[in-house]
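K.L.:
Take a look at the following structure, please.
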Amino acid sequence: MLNCEQLRKSFGGVRALWDFSVRFPDQGIIAIIGPNGAGKTTLVNVISGLIRPDAGSCFLRAREITGYALDKIARLGIARSFQTLRLIRGLSVLDNALLARPGWRGESFAVALCRFGVGTEYQAHERKCLDLLQLVRLFDKRNNLAEALSYGEQKLLSIVCCLATDAQVLVLDEPVAGVHPEMAVRILDVLREIRQSGKLVIFIEHDIAAVRAVADMVVVMDHGEKIAEGTPEDVLSRPRIIEAYVG
Amino acid sequence: MEYALHIVVLAGIFSALSISLDLLVGHSGLLSLAQAAFFGIGAYASAIITTQAGQPPIAAMLVGMAVSASISLLVSLPSLRLRDDYFVLATFAFQMIAFSIFNNWTGLTKGSLGISGIPSLALPGNRGPASLGITMASVLMALFVWSLSRRISRDAFGRVLHGIREDEVFVKSLGKNTMYFKVVIFAFSSALAALAGSLYAHYITYVDPTSFTVMDSLLIISMVIIGGAGSTYGPIAGATCLVVIPEVLRFVGLPGAIAANVRQILYGLLLVLTVVMRPAGMVGTRPLQ
Amino acid sequence: MLRQLFMNGIITGSIYALVAASFALIYQTTRFFHFAHGGIYTAGAYFAYMLSVPFGLPKAAAVAIAVIAGAGMGVFCDYAVYRPLRKRRASAMALLLASLGVLVVLQNTISMFFGDDLKTMRSRHVAEGISILGANITMVQLGILGATSVAFFALWLVLYRTSLGLQVRAVANDAELARIAGTSPDKTITWVFAIGSALAAGAAILISFDTDLTPNMGFQALLMGMIAAIVGGIGSLWGTVLGAFFLGLVRQLAVWKLPGQWQDAIVFLVLITFLLFRPNGFLGGGRRPRSF
């Protein structure tokens, strides 16, 4: 589904990614872990198109996507969340989800001006969004402004937005960091649901328990390089990994 | 009565102008310093086409709007890919050169002499006083521009604009081609400003470059912000207020020479005060982004 | 002919460079377009004019007082308008709008007190030029070149050889980090406004010894300064200077070759070209101009 080959990215003299390669499967939950500064977010930024790599390539379904813009890659089927939690706080929960929906005819200027068929299109998209909100149990807050939500709920909302784009691949940057333990459980449940529906979820996390709980596969990074790859049981029991992380 | 109609006409024209700028500033988060330039393009298009080519006003208006929208691409396409600061700079530069062209291309615009003898708009069949015709035209135009702007800023298109206003990166990450939206709204805004300009030309029946300077762009910005950027009635409130103030000042009896300056100083002060103390403006509900 | 154009280009370029550097200095540290800079530029020139012509003070005194007044106005602007906004974490757009308001007030106040007609500070007799490398240059113009060189040297000294300069560069780089390291960004910004505004006022006064004053002289200078800063590269002092001289030369060439209405358009073309192909400018680096 998604391959990265020999990615390199440096900032000034600092190596954020160095000859990093990985092959992601078609579906499942993959966790990317590593100490701070390992290059995890840079990897996500390169994959999603926020930044261009200095060298190396990325392929989505065997099509090269290296250097494509952020919006183009999103349209090709990779949706992402941000470590800094980006949302449109001035819009309601439902509006954020609606915004994420692709294929609005009303987004073309001509249609927007003459407003032809606006009603039916809205109903279709709204139904889908409400279903997603039901899934994550944010339905009751659908008309609240996004800024009125708790931190954890906002994280859920950003996942909803990723789902609303109909992307096949979701790349989540620290989906459970900083949230209430109960909320973390809720979020992990949602990730499992997403896996059930046949999508690929790649997430960055520091919370090892979360990784053990849901990940099918773990990729460990340090200093921009991949230092381990495998199932959680396998990787997380290796002494070197434990040491780099916990020790 | 004539005087009251005069106020209404100006309020209509400047309301339309403010609404057109608010699509950028209030709804999309893009600050343009060139609104007076596009206002001028519309005015000059109407002036030139009706006086020199002898074509009907409607044709001139449409040409003005088309030219305006096309020229807007020169400004938006290179600059909107980059940070919004660069867009502001590009519009500033464009405004300056637009004035320079109005003022120096004497072959086309007669330069600082201006173009006079622009036909006024009378009611069909020439019934009623001439001023009624233009007044109605102005009010209708303002309503037209207002309703168009309402349409575009609602539903899917408006949602994307409002998203861009707050967090463009997030909107891009959802797969939206934000460049398209920004370029389109800028072109639309320019076309509407040109429409207002056409009406202005037919009202004053004389155009010269001094109505289309950077300072005029700044005053339009003031109208939008003071009234309340991004709100339904804000631009209209701001425009009406700022049209009425000079008339009030006239009764206070300021000498003509400094009246214009005092008026503009007042706008500037109100702009600063609005931003510092009441960012939502007179009738707005959201603070500035 | 070409040599004369080149010479004229250098002279106008040096003024643009001063305006550009002063603008860039403020922009780097405060991260917004301080448009009122154009108003302070104009005010500086008119102050000097007012002190030396109607009030009859000796030129040197008038200039000194006007430069200090310019610095004071910049600092006041920051105190009264920008600082309250910064405290409220206002957006760069809000600061920009406020600065536009200040610009409107400044320019119209000048227009109100002095009128829109041209004022002059030039000496009455027609200047005899001297010839350098085949081009004619008047003593006044030579003086301008000298003064701008001194000003630049002084700026460089302050920025790279004093602790204040270090603080300024720190805040320009990362205000939060600078605060943690013990610098007070507010105080540093005050200094930046003082220095930047003084330089702008100085530039305006210098040009007024060679051309006449008009209330909207600030717009043109500000635009040139902003474009020079962009074309030269935000973040690079030398780039800004290079950009300014480049712009000065382009403008002179335009005056020579193009009909009146397109002379300013050429500058717009330069800007667009740089935006399209080299948004980081000649020598710019560091801050990427993409919209994040």
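The values are calculated or read from the model by the stated rules, or taken from the named source; none is laboratory data. The shown structure was predicted, so the numbers you read here are calculated from the model rather than taken from an experiment. Cβ: placed from backbone, ideal geometry, glycine included. Neighbour counts: every protein chain shown.
K.L.:
Looking at C:THR42, C:THR109, which one is touching a Ser or Thr at 6+ places or on another chain (Cβ under 9 Å) and modelled with pLDDT of 90 or more?
P.N.:
C:THR42
K.L.:
I would also like to ask the following. Does at least one position in segment A:124-135 carry a residue that is more than 20 Å from A:LEU50 (Cα to Cα), within 14 Å of the chain's Cα centre (by Cα) and not in a strand (DSSP E or B)?
P.N.:
No, segment A:124-135 has no match at all.
K.L.:
Another one. Give the residue, chosen from B:LEU74, B:LEU80, B:LEU89, that is over 18 Å from B:HIS202 (Cα atoms), within 14 Å of chain A (Cβ to nearest Cβ) and either at pLDDT 90 or above or within 17 Å of the chain's Cα centre (by Cα) (or both).
P.N.:
That would be B:LEU80, the only listed residue that is over 18 Å from B:HIS202 (Cα atoms), within 14 Å of chain A (Cβ to nearest Cβ) and either at pLDDT 90 or above or within 17 Å of the chain's Cα centre (by Cα) (or both).
K.L.:
Go through segment B:226-268 and report how many residues are within 17 Å of the chain's Cα centre (by Cα), within 11 Å of another protein chain (Cβ to nearest Cβ) and not in a helix (DSSP H, G or I).
P.N.:
Of the residues in segment B:226-268, 2 are within 17 Å of the chain's Cα centre (by Cα), within 11 Å of another protein chain (Cβ to nearest Cβ) and not in a helix (DSSP H, G or I).
K.L.:
Given (1) of a type in the set (Phe, Trp, Tyr); (2) crowded, with 24+ Cβ neighbours inside 10 Å; (3) modelled with pLDDT under 95, identify the lone condition not met by B:PHE39.
P.N.:
(3)
K.L.:
Something else: Just the residues that are among the β-branched types (Val, Ile, Thr), away from chain A (no Cβ under 14 Å) and under 27 Å from C:GLN220 (Cα atoms), please, taken from segment B:182-219.
P.N.:
Listed by number, the residues that qualify are B:VAL207, B:THR210, B:THR213, B:VAL214.
K.L.:
Also: Please pick out the residue among A:ALA110, A:ALA97, A:ALA74 that is surrounded by 20 or more Cβ atoms within 10 Å (Cβ to Cβ), more than 9 Å from chain B (Cβ to nearest Cβ), of a type outside the set (Asp, Glu) and not in a loop (DSSP other than H, G, I, E, B).
P.N.:
None of the other options fit; the residue is A:ALA97.
K.L.:
So how many residues does segment C:263-281 have that are in contact with a helix residue (DSSP H, G or I) (Cβ under 7 Å, 6 or more places away or on another chain) and in a helix (DSSP H, G or I)?
P.N.:
So the count comes out to 12.
K.L.:
Can I ask one more? Is there a residue in segment A:185-202 that is in contact with an Asp or Glu (Cβ under 7 Å, 6 or more places away or on another chain) and among the charged types (D, E, K, R)?
P.N.:
No, segment A:185-202 has no match at all.
Residue-wise test of (1) farther than 20 Å from B:PHE144 by Cα; (2) of a type outside the set (Gly, Ala, Ser); (3) touching a strand residue (DSSP E or B) at 6+ places or on another chain (Cβ under 9 Å).
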site: B:ALA194; (1), (2), (3): no, no, no
site: B:ASP208; (1), (2), (3): yes, yes, yes
site: B:PRO235; (1), (2), (3): no, yes, no
site: B:VAL248; (1), (2), (3): yes, yes, no
site: B:PHE251; (1), (2), (3): yes, yes, no
site: B:GLY256; (1), (2), (3): yes, no, no
site: B:ARG263; (1), (2), (3): yes, yes, no
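K.L.:
Filter segment A:146-169 down to the residues that are surrounded by fewer than 14 Cβ atoms within 10 Å (Cβ to Cβ) and outside any loop (DSSP other than H, G, I, E, B), then identify the one that is nearest to the other protein chains (Cβ to nearest Cβ).
P.N.:
Once the filter is applied, the top-ranked residue is A:GLU147.
K.L.:
Condition first: closer than 11 Å to B:LEU199 by Cα and either outside any loop (DSSP other than H, G, I, E, B) or under 13 Å from the mean Cα position of the chain (by Cα) (or both). Can you find one or more residues in segment B:22-37 that meet it?
P.N.:
No: zero hits.
K.L.:
Here is a follow-up. Considering only segment A:114-145, how many residues are within 23 Å of B:LEU148 (Cβ to Cβ) and either surrounded by fewer than 14 Cβ atoms within 10 Å (Cβ to Cβ) or of a type in the set (S, T, N, Q) (or both)?
P.N.:
Within segment A:114-145, residues that are within 23 Å of B:LEU148 (Cβ to Cβ) and either surrounded by fewer than 14 Cβ atoms within 10 Å (Cβ to Cβ) or of a type in the set (S, T, N, Q) (or both) number 5.
K.L.:
So if I check each of B:MET61, B:MET65, which one is within 14 Å of another protein chain (Cβ to nearest Cβ) and either at pLDDT 90 or above or crowded, with 22+ Cβ neighbours inside 10 Å (or both)?
P.N.:
When all the criteria are applied, what remains is B:MET65.
K.L.:
Identify the residue in segment A:77-94 that is in a loop (DSSP other than H, G, I, E, B) and among the aliphatic types (A, V, I, L, M) and, among all such residues, is farthest from the other protein chains (Cβ to nearest Cβ).
P.N.:
The residue in question is A:LEU85.
K.L.:
Which one is modelled with the lowest pLDDT, of the residues in segment A:78-96 that are closer than 23 Å to A:TYR68 by Cα and among the hydroxyl-bearing types (Ser, Thr, Tyr)?
P.N.:
A:THR84
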